[in-house]
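Undergrad: Attaching a single structure in structure tokens format; questions to follow.
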Amino acid sequence: MKTYFDKMRGEWTRVDSPDWQDALWSWIGAFSGMGAICWLSAHWLSHQLLIVASFGATSVLLYAAPESPFAQPRNVLLGSILSALVGVACFKLLGSTALAVTLAVSLSILAMQLTHTVHPPGAAAALIAVIGGSAVTDLGWWYPLLPIGIGCAIMLVVAILVNNLARHRRYPRYW
């Protein structure tokens, strides 16, 4: 038991001072990526929902932690679309119930792990498919493509463009 509880103590770590240049590049990327999605949603696809909460977390990974395995294009795009499909399937089978929520999140994690496409906001996309209300449920099986697939693709294009403008960044690390 002592070994088990000792694992929970963690260790103190020294935190470096913030890198303002890196933080500025992250801000530029997040502003540009979310700005592009908002502009398209308002002007081009005004009749469709293109903004979902999971895009906030995707922005953190793409623009503030672009070296993370969770931020690589395959993970962002496929992990999110696969998870959204799982979420829609759970909603279609079980409605907006506690069991549907539980299965959507847990099965999306399982699917992402088995396909090597883990992207934490993907589980949020699955959750949104179940609890997202009429805006998401009206989209049905289109939800994984619009807004999830198109939104992730837009943010990926912006991430490739912005992250590679900075001399100290390289994105993606792999496809």
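Undergrad: Can you name the helices of the chain, as whole DSSP H runs, whose Cα span along the helix axis is 30 Å or more and whose Kyte-Doolittle mean is not below 0.5?
TA: Working: long enough: 20-43 (33 Å, 0.57).
Flagged H segments are 20-43.
Undergrad: Within the chain, what's the longest stretch lacking trypsin sites (Lys or Arg not before Pro) that sit in DSSP loops with no more than 15 other Cβ atoms inside 10 Å? Please report the intermediate quantities before stating the final value.
TA: On the way: sites that count: K7, R9, R14, R167, R170, R173.
With a cap of 15 other Cβ atoms within 10 Å, the longest stretch comes to 15-166.
Undergrad: Add -39500 (n - 2.57) for each DSSP H run of 4 or more in the chain, then divide by its residues: what number comes out at 222 nm, to the nearest 500 deg cm²/dmol? Display every interim value, and only then the final one.
TA: Values: 8 runs with 97 residues, N = 175.
It lands at -17500 deg cm²/dmol.
Undergrad: Could you work out how far apart the two model spin labels at T115 and S134 are, taking each label as a point 7 Å from the Cα in the direction of the beta carbon, and quote it in nm?
TA: 3.1
Undergrad: Report Rg(Cα)/(2.2 N^0.38 Å) for segment 46-166, keeping two decimals. Working shown, then result.
TA: Details: Rg = 13.7 Å, N = 121, 2.2 N^0.38 = 13.6 Å.
The value comes to 1.01.
Undergrad: Gain in length, A42 to R170, computed as 0.36 nm per residue apart minus the alpha-carbon separation, to one decimal in nm? Mind dumping the intermediate values first?
TA: Details: separation 128, 0.36 × 128 = 46.08 nm, distance 3.12 nm.
The span from A42 to R170 would gain 43.0 nm if fully extended.
Undergrad: Rounded to whole Å, give me the distance from the Cα center of segment 23-91 to that of segment 131-146.
TA: Using only Cα atoms to place each centre, the spacing works out to 16 Å.
Undergrad: Let me ask another. Write out the chymotrypsin sites (Phe, Trp or Tyr not before Pro) in segment 1-69 meeting two conditions: DSSP loop, and at most 16 other Cβ atoms within 10 Å of their Cβ.
TA: Details: sites: Y4, F5, W12, W20, W25, W27, F31, W39, W44, F55, Y63; in loops: W12, W44.
Here the chymotrypsin sites (Phe, Trp or Tyr not before Pro) that fit, given the DSSP loop and packing criteria, are W12, W44.
Undergrad: Where is the GNM fluctuation largest for the chain (alpha-carbon springs, 10 angstrom cutoff): L45, L107, L156?
TA: L45
Undergrad: So, with a 1.4 angstrom probe, what is the percent of accessible area on segment 1-107 that is carbon and sulfur? Please list the in-between numbers first.
TA: Numbers: 4660 of 6820 Å².
Answer for segment 1-107 is 68 percent, counting heavy atoms of protein chains only.
Undergrad: How would you classify segment 1-102 from its alpha-carbon gyration tensor, with a ≥ b ≥ c the square roots of the eigenvalues: rounded for a/c under 1.5, else prolate if a/b is greater than b/c, otherwise oblate? Before the final figure, lay out each step's value.
TA: On the way: a/c = 2.79, a/b = 1.16, b/c = 2.40.
Oblate.
Undergrad: Only Lys, Arg, Asp and Glu count, each charged at its Cβ (+1, +1, -1, -1), so figure out the dipole size of the chain about its Cα centre, rounded to 20 debye. If you can, show how the numbers build up before the last one.
TA: On the way: 10 positive and 7 negative charges, 62 e Å.
Roughly 300 debye for the chain.
Undergrad: Send over the per residue convex hull volume for segment 110-170, Cα only, as a whole number of Å³. Display every interim value, and only then the final one.
TA: Numbers: hull volume 6.2 nm³, N = 61.
Dividing the Cα hull volume of segment 110-170 by its residues yields 102 Å³.
Undergrad: Name the residue from S41, A65, F5 whose Cα lies farthest towards the positive end of the charge dipole of segment 1-72, charges +1 on Cβ of Lys and Arg and -1 on Cβ of Asp and Glu.
TA: F5
The values are calculated or read from the model by the stated rules, or taken from the named source; none is laboratory data. Worth saying up front: this structure is predicted, and the values here are computed from it rather than measured. All Cβ positions, glycine included, derive from the backbone under ideal geometry; neighbour counts span all protein chains shown. We work out accessible area using only protein heavy atoms, side chains counted, and drop any ligands, DNA or RNA first. Shrake-Rupley method; radii C 1.70, N 1.55, O 1.52, S 1.80 Å.
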